[in-house]
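The values are calculated or read from the model by the stated rules, or taken from the named source; none is laboratory data. Treat the numbers as computed from the prediction; the structure is a model and nothing was measured. Heads up, the Cβs are rebuilt from the backbone with ideal geometry, glycines too, and the neighbour counts pull from every protein chain shown. Each accessible area value is taken on the protein alone, full model and side chains, heavy atoms only, with ligands, DNA and RNA left out. Shrake-Rupley method; radii C 1.70, N 1.55, O 1.52, S 1.80 Å.
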Amino acid sequence: MKTKKSWREKLADSKGLPKVGQITGKMTRRWGTGTMVIPAPKEVDALMKKVPNGKLVTINELRARLAQQHNVSIACPITTGIFAWIAAHAAEEAAAAGKSNVTPYWRTLKSGGQLNEKYPGGIPRLKKRLEAEGHKVFKRGKRYFVADFEKSLAFVRG
């Protein structure tokens, strides 16, 4: 029987990534023309690790930085989001194993400053961690956001 991979194993498995290619077919309707990178999971994790205490980053900022690093038009929005989610779970797994210097995934927000409810611990844990770093979290409808998140954005540098 095949054993299930740990989150940290998933994070380390680059599957031949990063890959750069042309934006073609149906993708051009949404993303236009040009080139796109499908980043490696470790690249997304490395950028997330660079966000200091009290600062924030959005998934779109991560994508822009990845695109810049690879000299392409865009970074794949789907895989970048999935790899950020894997990085978050790998960080929690590492913390549970006693590691203290883990990826601060709670500082990575969805666009518009929205908290990602799919990260470990969901909204309650994210809210607690962000508020401990001095951010104000508020609810709008069923979603949660960081107030004035733009003022705390860490323009991630490579």
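Identify the residue in segment 1-36 that is small (Gly, Ala, Ser) and modelled with pLDDT of 90 or more and, among all such residues, is surrounded by the fewest Cβ atoms within 10 Å (Cβ to Cβ). Lay out the reasoning, then the answer.
Residues of segment 1-36 that are small (Gly, Ala, Ser), as a first pass: 6, 12, 14, 16, 21, 25, 32, 34.
Within this subset, residues satisfying the condition of being modelled with pLDDT of 90 or more are 6, 12, 14, 16, 21, 34.
Values: SER6: 14, ALA12: 14, SER14: 12, GLY16: 8, GLY21: 11, GLY34: 12.
Going through the qualifying residues, I end up with GLY16.
How about segment 127-149: which of its residues are loosely packed, with under 11 Cβ neighbours inside 10 Å and touching a residue at least 12 places away in the same chain (Cβ under 8 Å)?
GLY134, ASP148
What pairs come out if I take residues in segment 6-17 that are of a type outside the set (A, V, I, L, M, F, W, C) and pair them with residues that are not in a helix (DSSP H, G or I) whose C-beta lies under 7 Å away, six or more apart or interchain?
SER14/ALA40
Looking only at segment 19-40, which residues are touching a residue at least 24 places away in the same chain (Cβ under 8 Å) and over 13 Å from ILE74 (Cα atoms)?
Passing the criteria: only ALA40.
Which ones in segment 82-101 are under 17 Å from LYS50 (Cβ atoms) and surrounded by fewer than 18 Cβ atoms within 10 Å (Cβ to Cβ)?
The answer is ASN101, and nothing else.
Yes or no: ALA67 modelled with pLDDT of 95 or more, within 16 Å of the chain's Cα centre (by Cα) and open to solvent by less than 80 Å² (accessible area, probe 1.4 Å)?
Numbers: modelled with pLDDT of 95 or more: yes; within 16 Å of the chain's Cα centre (by Cα): yes; open to solvent by less than 80 Å² (accessible area, probe 1.4 Å): yes.
Considered against the rule, which asks whether it is modelled with pLDDT of 95 or more, within 16 Å of the chain's Cα centre (by Cα) and open to solvent by less than 80 Å² (accessible area, probe 1.4 Å), ALA67 comes out as yes.
In segment 115-126, what residues are open to solvent by less than 20 Å² (accessible area, probe 1.4 Å) and either outside any loop (DSSP other than H, G, I, E, B) or in contact with a Cys (Cβ under 7 Å, 6 or more places away or on another chain) (or both)? So that I can check it myself, show each step before the final result.
If we filter segment 115-126 for residues that are open to solvent by less than 20 Å² (accessible area, probe 1.4 Å), which is where we start, we get 115, 119-120, 122, 126.
Hits for segment 115-126 are GLY122, LEU126.
Being among the basic types (Lys, Arg), under 20 Å from LYS5 (Cα atoms) and over 10 Å from the mean Cα position of the chain (by Cα) is true for just one of LYS99, LYS55, LYS50. Which residue is that? Even if it seems obvious, please write down each step before you answer.
Details: LYS55 fails: under 20 Å from LYS5 (Cα atoms); LYS50 fails: under 20 Å from LYS5 (Cα atoms).
Step by step, each of LYS99, LYS55, LYS50 is checked, and only LYS99 is among the basic types (Lys, Arg), under 20 Å from LYS5 (Cα atoms) and over 10 Å from the mean Cα position of the chain (by Cα).
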